[in-house]
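This report concerns only the one structure given below.
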Amino acid sequence: MTDEFTNEIYYDDDADVSHIEDKTVAVLGYGSQGHAHALNLQDSGVDVVVGLREGSSSREAASEEGLEVTNPVDAASRGDIVKMLVPDTVQPTVYEQIRDELDAGDTLQFAHGFNIHYGQIEPPEDVDVTMVAPKSPGHLVRRNYEKGEGTPGLLAIYQDATGEAKEEGLAYAKAIGCTRAGTIQTTFREETETDLFGEQAVLCGGVTDLVKAGFETLVDAGYSPEMAYFECLNELKLIVDLMYEGGHMEMWNSVSDTAEYGGLTRGEEVIDREGMEEILEGVQNGEFAREWISENQAHRPAYKQYRQAEQDHQIEEVGARLRDLFAWGEEQE
Ligand code: NAD
Ligand code: MG
Ligand code: MG
Ligand code: MG
Ligand code: MG
């Protein structure tokens, strides 16, 4: 496994935008990533055409920024690089519409590996298949670029039909500002599996469940929901900010020795390592992907139920109330 994951890091000096200066990039989708890629490419002097459905509300927004907008099929037919920035669940359908527009030597490029890695999109052998993915939401990709700063990014090559996939990918990464900050070489497999594992076990699933479990434990034991909310959710941001700035040691150094000793001795008790390994296995063996694909085919019945339950949880009501009080407090300052 270590052989596959080389993880070289590239910066501006390793990349040359001239490799895509004579090319047209068709950006399909104009959401979080789409608008940022299209605008940064345009400002870097690259020809861009945005592909959106007739009647899409984003059409006007893109046109107002001076971008040329057309439908996805026309955009793909003109693009030498076709960048897939519609939602992952929609990509297989959009791919079916545009597949005949991919000429030999064109590039099909992604910002997440799910559909390639799990075989939902199977491109022809004579096109390059790459990934240039900022590790950040699109509005930051755009904002950083405008400030002259960069956003860390990923580069992966799935298929190199032309022999030029890497220099083209690096040129694209430079044009959207990712080599200013550093672009890490990875693979479709590593990006997809770490991304899914991270969002399920740690970032989105793990954290919300940790917060809910802490909140419920306190409330069930008779403590007030307001106190439980502050302790288990509100303070989390302060802790995470410290970890983000300076790692775990900065956090431990900033809290009391009592908090540090209690945390170091007790934290482990709440984590289920076997559960985490099972989550990773489900990602690796494709079980999660199959479940999510059929859930979408069935128009998301389970997803809607989970979402409703989350919305109905007491912590949402308490939080909304307290956040209002806080906003009020801040405005008075
Ligand atoms: P998004 O939901 O913000 O935007 C999707 C865009 O696609 C919208 O403009 C929408 O109008 C358009 N669209 C929807 N259905 C369409 C259709 N049938 N035909 C044409 N256009 C259609 O999506 P996003 O978050 O920018 O994600 C795009 C890609 O970037 C995904 O692969 C995602 O995994 C990846 N990514 C996202 C982030 C992030 O933070 N948002 C970060 C890294 C990578
Ligand atoms: Mg073409
Ligand atoms: Mg072409
Ligand atoms: Mg993800
Ligand atoms: Mg405390």
- [ ] Using only the alpha carbons of the stretch 94-148, determine the length spanned along each of the three principal axes and report them from longest to shortest in whole angstroms.
- [x] 39, 23, 18
Task: Sparsely packed GluC sites (Glu not before Pro) within the stretch 116-197, loop by DSSP, other Cβ within 10 Å at most 14 - done: Glu125, Glu149, Glu164
TODO: May I ask you to list the residues of the stretch 171-188 whose amide nitrogen lies under 13 Å from a point 7 Å from Cα along the Cα→beta-carbon direction of Asp14?
DONE: 171, 173-174, 178-187
Task: Phi to ³J(HN,Hα) by Karplus 6.51 cos²θ - 1.76 cosθ + 1.60 over the stretch 70-82, Hz, x for Gly, Pro - done: 9, 7, x, 5, 5, 4, 5, 5, 8, x, 7, 10, 9
- [ ] Using θ = phi - 60° and the Karplus relation 6.51 cos²θ - 1.76 cosθ + 1.60, list the HN-Hα couplings for the stretch 268-275 in order, rounded to whole Hz, with x at every Gly or Pro.
- [x] 4, 4, 8, 9, 9, 5, 5, x
Task: Where the Cα pairs of the stretch 1-65 fall when distances are cut into 5 Å bins, in % - done: 3, 15, 21, 17, 13, 12, 9, 6, 3, 1
Task: Peptides 40-48, 205-213 ordered by average Cβ neighbours within 10 Å, highest first - done: 40-48, 205-213
TODO: Can you tell me the relative contact order of the chain? Whole percent, Cα pairs under 8 Å, sequence separation 6 or more.
DONE: 15
Task: P(r) tail fraction, the chain - alpha-carbon pairs more than 29 Å apart, % - done: 49
TODO: Would you please name the trypsin sites (Lys or Arg not before Pro) within the stretch 63-156 that are DSSP coil residues with at most 16 other C-beta atoms within 10 Å of their C-beta?
DONE: Lys147
Task: Residues whose placed amide H lies under 5 Å from that of Tyr158, excluding near-sequence neighbours - done: Val129, Thr130, Met131
Open item on the list: Taking 22 Å as R0, compute the FRET efficiency from the Cβ-Cβ separation of Glu96 and Glu164 and round it to 0.05.
Closed with: 0.25
Open item on the list: Taking just the alpha-carbon atoms of the stretch 137-221, what radius of gyration and Dmax come out, in angstrom?
Closed with: 18.5, 64
Task: the stretch 25-94 versus the stretch 209-261: alpha-carbon centroid distance in Å - done: 41
Task: Neighbourhood net charge (12 Å Cβ-Cβ; Lys/Arg +1, Asp/Glu -1) for Lys304 - done: 0
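For the stretch 100-190, what Kirkwood radius comes out of the mean inverse Cα-Cα distance, in Å?
That comes to 13.4 Å for the stretch 100-190.
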Task: Spacing of the two label points (7 Å from each Cα toward its C-beta) at His299 and Val202, in nm - done: 3.8
Task: Given charges at Cβ of Lys, Arg, Asp, Glu: the chain dipole, positive-most of Asn234, Ile271, Val127 - done: Asn234
TODO: Please give the direction-averaged projected area of the C-alpha convex hull for the stretch 9-186, in square nanometres with one decimal.
DONE: 8.8
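Please work out the Cα convex hull volume for the stretch 204-332 and give it in Å³ per residue.
Convex hull of Cα atoms, per residue: 170 Å³.
Here, each number is a calculation from the coordinates, and none is a lab measurement. Here the structure is a predicted model, which means the values were calculated and not measured. Methodologically, a virtual Cβ is constructed for each residue, glycine included, from the backbone with ideal geometry; neighbour enumeration extends over all protein chains shown.
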